[in-house]
Amino acid sequence: MADNKKEKFLEYKGKPLVRCGSTIYYGNMGDPYVICLRILSDENVKGLKVSGKVAIQLINTDPTVTSPKEKIIKKSEKDGLFNALDLGAVWLERALKKQ
């Protein structure tokens with residue numbers, strides 16, 4: 001019997017988090033905007049790898065927009081993944097409310 005389970009993503013504040021290498025995408029790809037978090041540096045703390053600098057980008061997902069300058073709506077850098085994700089969540093929430 002085939003198992004028809006839908007794969008569940010890790011979520012933060014009700015939106016999915018998808019990781020590919022050192023890049024994390026936050027938000028639904030079907031929405032007009034998503035957040036891209038790129039880990040620029042990491043450090044070892046008590047034997048654990050912890051992110052240092054993280055680049056944050058609010059990205060327009062409209063396929064008709066091809067210019068990278070038009071795709072990136074906002075960008076910043078923060079120390080630590082939580083700080084970056086928290087700021088990205090605020091940007092995404094505000095951008096989606098404007099729609």
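The values are calculated or read from the model by the stated rules, or taken from the named source; none is laboratory data. For clarity, every value in this text was computed on a predicted model and none was experimentally measured. As a convention, Cβ positions derive from the backbone with ideal geometry for all residues, glycine included, and neighbour counts pool all protein chains shown.
I'd like the residue in the stretch 30-58 that is of a type in the set (Lys, Arg) and out of contact with any Leu (no Cβ under 9 Å at 6 or more places or on another chain) and, out of all such residues, is surrounded by the most Cβ atoms within 10 Å (Cβ to Cβ). Looking at residues that are of a type in the set (Lys, Arg) and out of contact with any Leu (no Cβ under 9 Å at 6 or more places or on another chain), I get Arg38.
Only residues that are out of contact with any strand residue (DSSP E or B) (no Cβ under 9 Å at 6 or more places or on another chain) and within 24 Å of Lys13 (Cβ to Cβ) were counted in the stretch 63-81, giving 0. Here is the figure for the stretch 52-99: residues that are β-branched (Val, Ile, Thr) and part of a strand (DSSP E or B) total 5. Figure legend. Inter-residue proximity from the stretch 44-72: first residues touching a residue at least 12 places away in the same chain (Cβ under 8 Å) and over 17 Å from Val34 (Cβ atoms), second residues of a type in the set (Val, Ile, Thr) and not in a loop (DSSP other than H, G, I, E, B), beta-carbon distance below 7 Å, spacing 6+ or different chains. Indicated pairs: Ser51/Ile39. Residues in the stretch 7-48 that are over 26 Å from Gln99 (Cβ atoms) and either in a loop (DSSP other than H, G, I, E, B) or at pLDDT 95 or above (or both): Glu7, Gly21, Ser22, Ile39, Leu40, Ser41, Lys46, Gly47.
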